[in-house]
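Okay, structure first, notes after.
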Amino acid sequence: DAKTTQPPSMDCAEGRAANLPCNHSTISGNEYVYWYRQIHSQGPQYIIHGLKNNETNEMASLIITEDRKSSTLILPHATLRDTAVYYCIVGAKAGNMLTFGGGTRLMVKP
Amino acid sequence: EPEVTQTPSHQVTQMGQEVILRCVPISNHLYFYWYRQILGQKVEFLVSFYNNEISEKSEIFDDQFSVERPDGSNFTLKIRSTKLEDSAMYFCASSLTSQETQYFGPGTRLLVL
């Protein structure tokens, strides 16, 4: 699976959009981009995934660049409960092992 | 909304003892996984399981570990002779098919003394 690079930490003001970047320059054509988050020591929580097109659900939006070498997770109106470690994971299919990196620790501040 | 559940939430054991961690995957899911996270470190894959067989395992999943689906609902991880370094959060996950998203349980915190 392709390797991902994320900033170790980011801050965001409550109510503002949080934009979390991820680089995956070695991604191959059949690999999806998955985003999970982990609040404190809870189990990782699925957020969203995509292959080529931008995706949106009730939690977030995922913007994937045309060359697929990077993506951005957008939380449109961050709340204090969105404070968590966010993981960008690239993989061929969900049934394979998920390889978690260090993620981005997002701190949402009042 | 269906969710993965795990028991116990916390387990303390003595080194050398056997432990069994239990998981109830989402009811119609067919693929099951165990991951672990040592305190302050990354989440690491241990094993995936489908159709009563291990489909993939990591180097961590050595002979001390085993998995089982003893009935139609439970999925267990057994550590035969625990070591201090087995202290970690253990997360179970399940997915409907190999192509679908994995959903994680809340974890079991294992402390080996």
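Of all residues in segment B:25-43, those that are surrounded by fewer than 21 Cβ atoms within 10 Å (Cβ to Cβ) and either more than 9 Å from every other protein chain (Cβ to nearest Cβ) or modelled with pLDDT of 95 or more (or both) total 9. Selection over segment A:71-110 of residues that are buried (at least 16 other Cβ atoms within 10 Å of the Cβ), small (G, A, S) and closer than 23 Å to A:H40 by Cβ gives a count of 4.
If you go through segment B:81-100 and pick out every residue that is under 14 Å from the mean Cα position of the chain (by Cα) and surrounded by fewer than 15 Cβ atoms within 10 Å (Cβ to Cβ), you end up with 0.
For segment A:68-80, does any single residue satisfy the condition of being within 14 Å of chain B (Cβ to nearest Cβ) and in contact (Cβ under 8 Å) with a residue 24 or more places away in the chain? Looking through segment A:68-80, none of the residues is within 14 Å of chain B (Cβ to nearest Cβ) and in contact (Cβ under 8 Å) with a residue 24 or more places away in the chain. Residues in segment A:6-45 that are free of Cβ contacts under 8 Å to residues at least 40 places away in the same chain and part of a strand (DSSP E or B): 1 in all. With the condition kept exactly as written, say whether any residue in segment B:51-59 is closer than 14 Å to B:C92 by Cβ and of a type outside the set (V, I, T). No, segment B:51-59 contains no residue that is closer than 14 Å to B:C92 by Cβ and of a type outside the set (V, I, T). Looking only at residues of segment B:92-113 that are in a strand (DSSP E or B) and under 21 Å from B:Q17 (Cβ atoms), we find that the one that is farthest from the other protein chains (Cβ to nearest Cβ) is B:V112. Can you tell me which residue in segment A:46-61 is farthest from B:S94 (Cα to Cα), limited to those that are within 11 Å of the chain's Cα centre (by Cα) and either aliphatic (A, V, I, L, M) or within 11 Å of chain B (Cβ to nearest Cβ) (or both)? Going through the qualifying residues, I end up with A:A60. Taking the criterion of being of a type outside the set (A, V, I, L, M), within 14 Å of chain A (Cβ to nearest Cβ) and over 22 Å from B:P2 (Cβ atoms), the only residue of segment B:67-91 that qualifies is B:S87.
Only residues that are surrounded by 11 or more Cβ atoms within 10 Å (Cβ to Cβ) and within 14 Å of chain A (Cβ to nearest Cβ) were counted in segment B:52-66, giving 7.
The values are calculated or read from the model by the stated rules, or taken from the named source; none is laboratory data. From a predicted model like this one, the values you see are computed outputs, not experimental measurements. A quick note on method: Cβ atoms are made from the backbone with ideal geometry, for glycine too, and the neighbour counts reach across all protein chains shown.
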